[in-house]
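The values are calculated or read from the model by the stated rules, or taken from the named source; none is laboratory data. From a predicted model like this one, the values you see are computed outputs, not experimental measurements. Cβ atoms come from the backbone with ideal geometry, glycine included; neighbour counts cover every protein chain shown. With ligands, DNA and RNA removed, areas are computed over all heavy atoms of the protein, side chains included. Shrake-Rupley method; radii C 1.70, N 1.55, O 1.52, S 1.80 Å.
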Amino acid sequence: MSQAKRTPAFRPAPVPVRSLSARALHAVGWSYFAGFILLVSQVGYTAITARRVAPAAYGGYALALTIVGLAGLVGMIGLSDSVMRVPELTDRGARTALTLGIGSGLLLSAALFALSAPIAYWLRIPSTAQMLRLLSVQPPMLAAAGLSYGLLRRGQRYRAASLINLTATLIGFAVGAVATISGLGAAGLALGQVTNAAVAMLVGLFWARVSLRPAYDRVMAREFIAFSAQVASQNLGHYAIGNLPLWTVARLAGGRPAGLFSRGYALVSLPANQFSFGLMGAVYPLYREVRGSSDRTRRALTEALIVTSGASAIVFGTFAAFVQPAALILLGERWYAAAAIAPALCAFAAVNTLYSVLASAAEAMRWMRMIWITQVVFFAAMAVSLFLASGELEATAAAMVIATAIAHVF
């Protein structure tokens, strides 16, 4: 089909009279509204499942989640960002993105299922194999859901994207809670994750109005694949750095310490992710509007960093003051070691949020060389720090803070 005959299916909305900052705040507001409800729901979900799933079993489940996430990075994880940043997106282009996402997701599902046993052997946690087989159906669902979120945010339909994510997660929590109460243990947690992905895919595609007919536009596919490869390459570094502590604890200390560390990390990462993802998800589509002006770009990044720095100090400083006693009440005494490392992980989350905001902006601006060099420094600092920590939980938390501070200053 010639370029002249293509009709844009996702026309950019006219730029509102409101300023860029006002639109970003509107988007952040919806993200944080949904995030607050998710956070409260996660607290209840954690309280239920922590008493039904032992630390060792939770360790295998947590490790399986990291492998599924890693597989997603190898696939077309950057499609969501790709459809947000292209100047013009046709119906055929959107269907091409969906075809690429689902196709790569199916291949990853097959690979995860086939490699579940070798991966579990390498991590030295046998229960990881069963969890990987259960979670292997997720990649195509996550790819389709991510694409739909990207299309919704491209059209500045932040409320729809936030509510869909909220609904899917709450349904996943409900299924997971019922399954664990029924005696399925960690398998119930996996079932909840799969349900979450399925609902997000179905509802997201419906509201984004994406046709399910396969398509392949060579020009758009080249753009999507090239950008996704760049995003995946730098996200792969972020992901490896972020999960290196858990992998290290698992190999050096075993399943139970891995479960304790993962639960403690989850206590802090849940609010941290809502805080940082809400901000980054809102401003990412807006970077293209300032990219042509170095002065506007500089001002936008400076304002984002100043606001994030102040908010991080307040949010995580307050959280660190009460997270340990609250965790003991929430999880129970057998998770004491997880609660003990939570305050130190709050310091890590504060610094890592600042780093993530700058990394997200660099990704949108395609400053890939800067990202890769910084990641090399970050990975080296993290690897050396974790090696010295030797799998001990409190030392591992301290190593994470030190490595992240080094990377952010760099």
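Arranged from highest to lowest average of other beta-carbon atoms within 10 Å per residue, in what order do the peptides 113-120, 351-358 appear?
Details: 113-120: 15.9, 351-358: 21.6.
Taking the mean over residues of other Cβ atoms within 10 Å, the ranking is 351-358, 113-120.
Taking the Cβ-Cβ separation of residue 376 and residue 74 as r and a Förster radius of 22 Å, what is the calculated FRET efficiency to the nearest 0.05?
After rounding to 0.05, the efficiency reads 0.65.
Per 0.36 nm of contour for each residue apart, how much would the distance between residue 296 and residue 41 grow if the chain were fully extended, relative to their Cα-Cα spacing? Show your work: numbers first, answer last.
Values: separation 255, 0.36 × 255 = 91.80 nm, distance 3.86 nm.
That works out to 87.9 nm of additional length.
Give the carbon-plus-sulfur fraction of the accessible surface of region 31-161 in %, rounded to a whole number; probe 1.4 Å, heavy atoms of protein chains only.
Solvent-exposed carbon and sulfur of region 31-161 make up 70 percent of the total.
Using a 1.4 Å probe, what is the accessible area per residue for region 45-188, in Å²? Please list the in-between numbers first.
Numbers: 5250 Å² over 144 residues.
That works out to 36 Å² per residue.
Could you rank the peptides 379-388, 89-98 by their average count of other C-beta atoms within 10 Å per residue, with the highest value first?
The peptides rank, most packed first, as 89-98, 379-388.
Whenever you get a sec, compute what percent of the accessible area on region 299-410 sits on carbon and sulfur atoms (1.4 Å probe). Mind dumping the intermediate values first?
Numbers: 3830 of 5130 Å².
Carbon and sulfur atoms account for 75 percent of the accessible area of region 299-410.
Extension gain residue 117-residue 322, at 0.36 nm per residue separation less the Cα-Cα distance, in nm? Let's see the in-between values first.
Numbers: separation 205, 0.36 × 205 = 73.80 nm, distance 4.01 nm.
Contour length minus the Cα-Cα distance gives 69.8 nm.
7 Å from Cα along Cα→Cβ at both residue 329 and residue 222: what's the point-to-point distance in nm?
About 6.0 nm, to one decimal.
Give me the one-decimal nm value for the distance between modelled label points at residue 336 and residue 305, 7 Å along each residue's Cα-to-Cβ direction.
That separation, rounded to one decimal, is 4.3 nm.
Cβ neighbours within 10 Å, averaged per peptide: list 45-55, 157-167 in order, most packed at the top.
Values: 45-55: 18.9, 157-167: 21.0.
The peptides rank, most packed first, as 157-167, 45-55.
Give the separation of the Cα centroids, region 174-202 to region 104-146, in Å.
Between the Cα centres of region 174-202 and region 104-146 lies a distance of 16 Å.
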